[in-house]
Amino acid sequence: MYKRHRRFRGFKPFPGDAEQICTGILHDLWNGRYLETDLGNYPQFYARDFGMSLPALLQLGMRKQARTTLNYALAHYKKAGKATTHLSPRGKPINFPAVYSPDSTAYLLRSVRLIGDAKMLQQHKPFLQKIANDYARKALDKQGRVRQHKHFGGMRDHAVRNAACYDTVMAAVVQQECSLLGMQYPFAEIDYKQLLIDEYWTGSYFKDDVNNATLTADANIYPFWLGIINDKQRLQKAVKSIQAKGLDKPFPIKYVATSKEQGRNIWQNFFVKDWEADSVWPMSGLPYIDIVAQVDKKKARFHHQQHERLIEQHHTFIEVFDRNGKPYSSKFFTAGEGMIWCAQWLAQKEKLK
């Protein structure tokens, strides 16, 4: 009812300029126990959203809130014996969609490492080892590659893909974080960087999955943003390919150029048409700006300023926009507001000066 009501009353406005708006959002996201994911649809902990925003939260001086949030999440996950995409507001672990989500484990491990709290690591290490082992068993085949013909949750969780490039990036992240945390990983010898290049690199971009050569944003942002691929020439080619396809228009970023390229989706996509197709997602748009800054800082500043105008226009940080740059809304659902990702925009503002 709340989501439908919001279509008529609009989003909760924050006063001030973009920096003040984002600062106000982050203040309100802290509920005393954990940082909520947004101020509308998602008043809960999401492993992916928190994990992606954590470096920015730390840069902004929110280590205490971030540490408390991570401890809260790990305690509930440990009690349930598993890692999931999110926790309900009451702390119940849930996967959406109702399939295993490899990046939940990847971002949880990465978050523990980034927090750098030895006591936290010692306290939760047996559980972290368990979810790393569960990851290898559920997400990988006997050769340590992402299982084929199996649907996983992930950045485009509505898309049904076959050993997606994004999921192989997550395999590299889990391997890397296990090593950095002093944990075991059953496929420590695999060179996932080379596997990404051999299996997904087309010569100008990373293809979406092992059978689909479609250019998608997530396949060409996260190998670089998460530091798995550090080849500047490939980065330049991937960015040019994204630009040539118009995925950065009207502002970053669309996952695919047109709805016809979105491929097969889960049945819930009926209620949110083109949700992860040519709609515009700041969640991945901000990491895109980060990687663009490595090859074209002027262009990165331009995109950052585009988001600044959007924040000030709507007086909040919107979750997703339609292909025309309007806040996404369907008969059944309205985009979230006051997203935790605004921390990334604030952190970028300092980096791009």
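What follows draws every value from the coordinates through simple rules; no lab data is involved. Predicted model, so just to flag it, every value in this text is computed and none were measured. Every residue, glycine as well, gets a Cβ built from its backbone with ideal geometry; the counts of neighbours run over all protein chains shown.
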Note to self: C-alpha centroids of region 75-131 and region 301-320 sit apart, in Å, by 31 Å
Listed by chain and number, the aspartates and glutamates with an alpha carbon less than 13 angstrom from that of LYS138, same-chain partners under 8 positions apart left out, are ASP103, ASP167
re the chain: pairs of Cα atoms spaced beyond 36 Å account for a percent value of 14 percent
Long-range share for region 271-353, i.e. C-alpha pairs more than 16 Å apart as a percent of all pairs, stands at 51 percent
Checking every Cys Cβ in the chain against the others at 4.7 Å leaves as unpaired CYS165, CYS178
Checking rank on 184-190, 64-70, with mean other Cβ inside 10 Å and highest first, the result is 64-70, 184-190
The chain: relative contact order from alpha carbon pairs under 8 Å, six or more residues apart, as a whole percent, is 21 percent
Computed on Cα atoms only, the convex hull of region 151-218 has an orientation-averaged projected area in nm² of 5.0 nm²
Per-residue ellipticity at 222 nm attributable to helices in the chain (runs of n ≥ 4 DSSP H, -39500 (n - 2.57) apiece, nearest 500 deg cm²/dmol) works out to -16000 deg cm²/dmol
Kirkwood Rh for region 98-243 from C-alpha pairs, in Å, is 15.6 Å
Looking only at lysines whose Cα falls under 20 Å of LYS193's and that sit 8 or more positions away or on another chain, we get LYS142, LYS207, LYS232, LYS237
